[in-house]
Structure formats: C-alpha cells, structure tokens
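The values are calculated or read from the model by the stated rules, or taken from the named source; none is laboratory data. Worth saying up front: this structure is predicted, and the values here are computed from it rather than measured. All Cβ positions, glycine included, derive from the backbone under ideal geometry; neighbour counts span all protein chains shown. For the accessible areas, the whole protein counts, side chains as well, though only heavy atoms, and no ligand, DNA or RNA atoms are used. Shrake-Rupley method; radii C 1.70, N 1.55, O 1.52, S 1.80 Å.
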Amino acid sequence: MPPITRIACIGEVMIELIAGHGNAAELNVAGDTYNTAVYLKRHARGLDVDYVTALGRDTFSDRILAHMTAHDVGTKAVARHPTRMPGLYAIETDALGERSFSYWRETSAARTLFDSDGAEGVPRNAAEVLAHYDLVLLTGITLAILSCNARNRLMTAIDAYRAGGGQIAFDSNYRPHLWNDPALARRETEAMWQRTDIALPSVDDEIALFGDADEAAVLARLADCGIKAGALKCAEAGPVNLGSDSTRAKVSPATQVVDTTAAGDSFNAGYIAALALGATPTDAMIAGHTLALQVIAKRGGIVDTD
Ligand code: ADP
C-alpha cells in the first residue's frame, strides 16, 4: 500500500444541539466525516488531516473553525460562502431514553461544495482539491448532500485522482431521508464502491440500501464491485476483513454501551490511522474496534479517548 501522510475528509460539519431539561441545550460540533477527521488526527498525530467543506461567514461557522483548530484538523480546504450558513441538528431524548434527531441542513453552505454555480471561494474544482492528498475519505452522506452536477464532477475527479495513485476510503453511511430516491442512492453508492480502495461499510447500511439477504451476500456483492481492502462493520459481532480472505476480527465485547453515535465514524478513524502507521488489516480492524468501544461508552459523538 502506498504511504499515507496527507488525508482529506470531505463532507458536512454541523452545529449539534442536545436538548436538555426545560429550555437548556448543549451546543457541539459534529458530522460523520468530521468526527472521523478529529479521531484520525488524535490517534495518528503525525498525519496531516484536513477537512474539506464549505461554511458561512457567520459566528457559528467561526465556532466550527475554532473547533477544527482546537483539534488540529487542517482548515485550508474550508471555503466560506458569503450568504449560506452551516447545517444544524438537534437530538432529543424521550422519557424512555429513545433519541430522535431533527435536521435543518437543506440550505447549508456545504451543499454548494464542488458546485458549478457555487459562490466564489467555494471549491468547484474537485480535482484540484483531491490532488493535495494521499488518501481521501468520504461517505454516502457526502454524496447525498451534493448537487447532481457536483457529484458527477467529484466522480470524474476521483477517477483522475486514483489514476495518479491517490486512494479513496468510502463508507456508504446510508441515510434514506437525505436521498429523494433510493434507486439514486443505490446507483451513486455502487459507483463509489467501484472507485474505492479502502471500503468501510456497515452491514446494516448495505442491507438497508441494497436489500441483500445477509452478510455473506453483502460480502459477495462488494467483491463483485472490485473491493479488495477494508472492513465490513458488524456492530457487536466484530468487523470482517474485505481483503482476499473474509476473516472476522477477534474483538473484545463492549463493557458499556451508553450512546452508539459515531461508532462507525470512530471505527473508520482507528482503522485508517492504524493502516497509515503500517498495521496489518487485522490489526487495523482491532484498532478501529478498540476506538469505537471507547466512543460508545460515553455520551456524544466526539468524546475524550485515550
Ligand atoms: P455504524 O455505526 O456505522 O452503523 P456499527 O454499528 O457496525 O456501525 O458500529 C461500528 C463499530 O463499532 C463496530 O464495527 C464495532 O467495532 C463497534 N460497535 C458498535 N456497537 C457495538 C456493540 N454493541 N458492541 C461492541 N462493539 C460495537
């Protein structure tokens, strides 16, 4: 595997509101690829990790940038849209402990990323952005928030990037409400699997999106797409290698599950950090799982870890 020192995570980072009792709320910064960027940098200090997105020029965007800086995530690929603002989501917990999510993200600045009609300062040329990195991580959420044109430009840029030796890591992270049409989500996700060097799907997302009968069917379909490396995340059953053999990592069970937010995101970070530092795929799966266990033992997406 070619050396990995410069990594970009592409997507949308949002303001997160956790509704408390009465009128109180806690305010955080989160988003799937962003969570991964923070954990990646934390667990492989020597890597350069940039986040690629568009924010606004408002004070909440300032707050997000300050969060990136505090976590040593590079901001040079963050554009600032003149009128749009970041997306927002709220988490509420009912009396039985069941969480529900509400989103305000349809008109966020990140939606203009790689857009031909995007405002000045918002990256339009995906190829120019990708060229700076050894590895680029994106997810099905990244694809879902882009315009159709922007997605096509990104796919074309990915082909050129990979032809020049760049590597793509992808997690399908299927969120039905972000896609108008499940058939479109399937087409775009499959197109990405055909362009992926390190695949990091979770079995539940793949089954929900493609209707596979079981884990074996997921593995067979991903192999047909040409996937040769990565891990299939299977919650407590432990991840399965997506390389030449489909062995399941022998992992320890969770001692405490408080909140599974960012389980997959942190797994991706632990896995990629370990690979970049020279670990075998099996050790990378164990590193991903070990980090995910720490994350699910605490409330919130970005939590303190060892
Ligand atoms: P996602 O969060 O993307 O849906 P998973 O639920 O498979 O993905 O979780 C990602 C990783 O987090 C798993 O591969 C596993 O390492 C760990 N994990 C999640 N839930 C549990 C659990 N209940 N017990 C042990 N590990 C878990």
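Residues whose amide H lies under 5 Å from that of Gly87, counting only those 5 or more places away or on a different chain, are Ile15, Ala109, Ala110; hydrogens are built 1.01 Å from N in the peptide plane.
Using the Karplus relation 6.51 cos²θ - 1.76 cosθ + 1.60 with θ = phi - 60°, the per-residue 3J(HN,Hα) values for the range 42-58 come to 5, 9, 8, 4, x, 7, 8, 10, 10, 10, 10, 6, 10, 10, x, 10, 8 Hz, with x marking Gly and Pro. The HN-Hα couplings worked out from phi for the range 202-208 by the Karplus form 6.51 cos²θ - 1.76 cosθ + 1.60 (θ = phi - 60°) are 9, 4, 5, 5, 5, 5, 5 Hz, whole numbers, x standing for Gly and Pro. Pairs of C-alpha atoms in the chain farther apart than 36 Å represent 10 percent of all such pairs. The H on the amide N of Arg80, modeled in the peptide plane, is under 5 Å from the matching H of Leu55, each at least 5 residues off or on a different chain.
Largest first and in whole Å, the equivalent-ellipsoid semi-axes of the range 267-306 read 20, 9, 7, each the square root of five times a Cα gyration tensor eigenvalue. The packing ranking of peptides 212-221, 16-25, highest mean first, is 212-221, 16-25, where packing means the average number of other beta carbon atoms within 10 angstrom of each residue. From the largest down, the range 130-180 spans 35, 21, 14 angstrom on the principal axes of its Cα atoms. Summary of the geometry: the range 282-306 and the range 83-149, compared by the centres of their Cα atoms, lie 24 Å apart.
Computed with a 1.4 Å probe over protein heavy atoms only, the accessible area of Thr59 comes to about 100 Å². Considering every pair of different Cα atoms, what Kirkwood radius, in Å, is found for the range 236-306? That comes to 12.2 Å for the range 236-306. Annotation: amide H of Gly230 within the under-5 Å range of Ala199, Leu242, Gly243, sequence separation 5 or more or interchain, hydrogens built in the peptide plane. Take every Cα pair under 8 Å in the range 132-287 that's 6+ residues apart, average their separations, divide by the length, and report that relative contact order as a whole percent. Across the range 132-287, relative contact order equals 16 percent.
Max-minus-min Cα coordinates of the range 1-115 on each principal axis give 50, 33, 23 Å, with the largest extent listed first. Taken over the range 149-306, the percentage of Cα pairs per 5 Å bin, counting from 0 up to the bin with the maximum distance, is 2, 9, 17, 21, 20, 16, 10, 4, 1, 0. Whole-Hz Karplus values for the range 23-38 come out as 9, 6, 8, 9, 10, 10, 10, 7, x, 4, 5, 5, 4, 4, 4, 5 Hz, taken residue by residue from phi with 6.51 cos²θ - 1.76 cosθ + 1.60 and θ = phi - 60°; glycine and proline positions read x.
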